[in-house]
Amino acid sequence: MGVAPADPALDAAYRHCRRLTAHHGKSYHLATRMLPARDRPAVHALYGFARTVDDVVDVADDPPAARLAELDRIEKELTSALAGDVGDARPVVRAAADTITRYRIAPAHFAVFLDAMRMDLPGSPDFRATYPTMASLHEYMRGSAAAIGLQMLPVLGTVVPVAEAEPAAAALGEAFQLTNFLRDVGEDLDRGRVYLPADELGAFGVDAGLLRSCRDGDRTDPRIGRALAHLVAVNRHWYRLAEPGLAMLSPRVRPGMTAAFELYAAILDQIEREGYPVLRRRVVVPRRRRAAIVAAVLTGTRQPAV
């Protein structure tokens with residue numbers, strides 16, 4: 001069921017998504033290179049769609065009402081494309097619609113994702129700048145992260161009924177996203193957001209005010225370090241919940257997804273190794289370390305990172 005676009009416009013749309021993945025998701029793109037060639041375009045298409053929507057929410061300079069309207073346009077384009085009317089749909093929508101059709105992905109996963117992105121947008125009635133509890137963060141991540149895992153599952157293929165693999169796929173999506181939240185604390189503060197749950201931070205005497213004070217003053221506080229260490233441990237628990245799902249995937253994709261699993265989990269190691277500097281800068285796993293992780297997966301010498 002691999003992707004082999006027959007028309008030049010669709011081929012160009014997939015190539016556009018591949019460039020987005022290579023530029024914005026280096027660890028993710030490295031892992032996709034271990035997937036069978038026939039499946040890579042679909043994975044790039046799903047990433048490209050999600051990245052484009054995310055940029056509307058987080059990067060665009062337009063007023064909130066204009067960005068909400070843009071999200072509505074993207075959703076309308078996707079709905080029309082899935083009905084066979086590609087029209088003037090942007091490349092990421094063309095590629096995503098083709099992938100959804102080829103792999104029989106439930107369109108509902110994209111509607112839930114777009115709803116979560118509206119929760120991320122200042123000016124939206126559903127906007128949240130903070131999350132009081134881990135449960136409330138889970139509610140958001142059901143659309144922003146778990147839905148991505150569920151979108152990916154039909155592309156990757158399974159050796160068990162898809163429904164049996166869905167909980168682990170959803171858990172892995174959420175594990176990846178919590179890693180992003182831990183890595184991007186400082187950048188998220190600059191955008192007026194704190195994704196880490198207030199009750200988890202509060203148990204260590206940390207609140208949004210302290211985070212902003214340390215960010216603005218370029219200083220550290222031991223309470224923040226302890227809170228981050230706790231949340232790294234929580235994040236590793238989510239990876240452990242997701243790990244059994246790797247064996248449920250089709251053998252042809254297991255190496256690539258195992259690499260993605262290990263590459264993302266390695267971000268947690270790097271955050272710890274560097275002393276939790278996430279308020280000051282974005283932590284990146286060194287290229288040599290990324291290459292070693294991939295080599296270990298390929299040679300069967302992988303040691304689980306969580």
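The values are calculated or read from the model by the stated rules, or taken from the named source; none is laboratory data. Just so it is clear, the model here is predicted, and its values are computed rather than measured. Cβ sites come from the backbone with ideal geometry, for glycine too, and all protein chains shown count toward neighbours. When the accessible area is computed, the model is the full protein with side chains, heavy atoms only, and any ligands, DNA or RNA have been set aside. Shrake-Rupley method; radii C 1.70, N 1.55, O 1.52, S 1.80 Å.
The helices (runs of 4 or more DSSP H) located wholly in segment 197-306 that include 2 or more residues which are closer than 23 Å to Val43 by Cβ and touching a helix residue (DSSP H, G or I) at 6+ places or on another chain (Cβ under 8 Å) occupy 222-242, 254-273, 287-299. Taking the criterion of being more than 21 Å from Val57 (Cβ to Cβ) and free of Cβ contacts under 8 Å to residues at least 12 places away in the same chain, the residues of segment 182-212 that qualify are Gly202, Asp207, Gly209. Only one of the listed residues (Arg252, Arg288) is loosely packed, with under 14 Cβ neighbours inside 10 Å, over 30 Å from Leu211 (Cβ atoms) and touching a Leu at 6+ places or on another chain (Cβ under 9 Å). That residue is Arg252. Condition test on Thr21, is it surrounded by fewer than 20 Cβ atoms within 10 Å (Cβ to Cβ), of a type in the set (Ser, Thr, Tyr) and either within 21 Å of the chain's Cα centre (by Cα) or outside any loop (DSSP other than H, G, I, E, B) (or both)? The answer is no for Thr21.
Only residues that are open to solvent by 40 Å² or more (accessible area, probe 1.4 Å) and hydroxyl-bearing (Ser, Thr, Tyr) were counted across segment 131-143, and they come to 1. Counting only residues that are free of Cβ contacts under 8 Å to residues at least 60 places away in the same chain and among the basic types (Lys, Arg), which one in segment 222-257 is nearest to Met152 (Cα to Cα)? Among them, the one singled out is Arg254.
Report whether or not Val86 is more than 20 Å from His16 (Cβ to Cβ) and of a type in the set (Val, Ile, Thr). It is false that Val86 is more than 20 Å from His16 (Cβ to Cβ) and of a type in the set (Val, Ile, Thr).
For segment 113-136, taking the residues that are assigned to a loop (DSSP other than H, G, I, E, B) and at pLDDT 90 or above, the one that is nearest to Thr52 (Cα to Cα) is identified as Tyr131.
If the condition is being assigned to a loop (DSSP other than H, G, I, E, B), open to solvent by less than 40 Å² (accessible area, probe 1.4 Å) and out of contact with any Lys or Arg (no Cβ under 7 Å at 6 or more places or on another chain), then segment 180-196 contributes Gly192, Arg193, Tyr195, Leu196. When only residues in segment 53-70 that are open to solvent by 30 Å² or more (accessible area, probe 1.4 Å) and within 15 Å of the chain's Cα centre (by Cα) count, which is farthest from Pro125 (Cα to Cα)? If we take residues in segment 53-70 being open to solvent by 30 Å² or more (accessible area, probe 1.4 Å) and within 15 Å of the chain's Cα centre (by Cα), then Asp55 is farthest from Pro125 (Cα to Cα). In this structure, Leu150 does not qualify as assigned to a loop (DSSP other than H, G, I, E, B) and surrounded by 15 or more Cβ atoms within 10 Å (Cβ to Cβ).
Candidates Arg240, Arg223: the one that is under 30 Å from Asp39 (Cβ atoms) and of a type in the set (D, E, K, R) is Arg240. Remark: pairs (first residue in segment 114-130, free of Cβ contacts under 8 Å to residues at least 12 places away in the same chain and open to solvent by 30 Å² or more (accessible area, probe 1.4 Å); second residue of a type in the set (Lys, Arg) and in a helix (DSSP H, G or I); Cβ separation under 7 Å; 6+ apart in sequence or on different chains) = Asp126/Arg118. Among the candidates Thr79, Thr99, which residue alone is within 28 Å of Ala265 (Cα to Cα), assigned to a helix (DSSP H, G or I) and at pLDDT 95 or above? So the residue among Thr79, Thr99 that is within 28 Å of Ala265 (Cα to Cα), assigned to a helix (DSSP H, G or I) and at pLDDT 95 or above is Thr99. Of all residues being hydrophobic (A, V, I, L, M, F, W, C) and open to solvent by 30 Å² or more (accessible area, probe 1.4 Å) in segment 71-111, which is nearest to Tyr140 (Cα to Cα)? Just the residue, please. Looking at residues that are hydrophobic (A, V, I, L, M, F, W, C) and open to solvent by 30 Å² or more (accessible area, probe 1.4 Å), I get Ala111.
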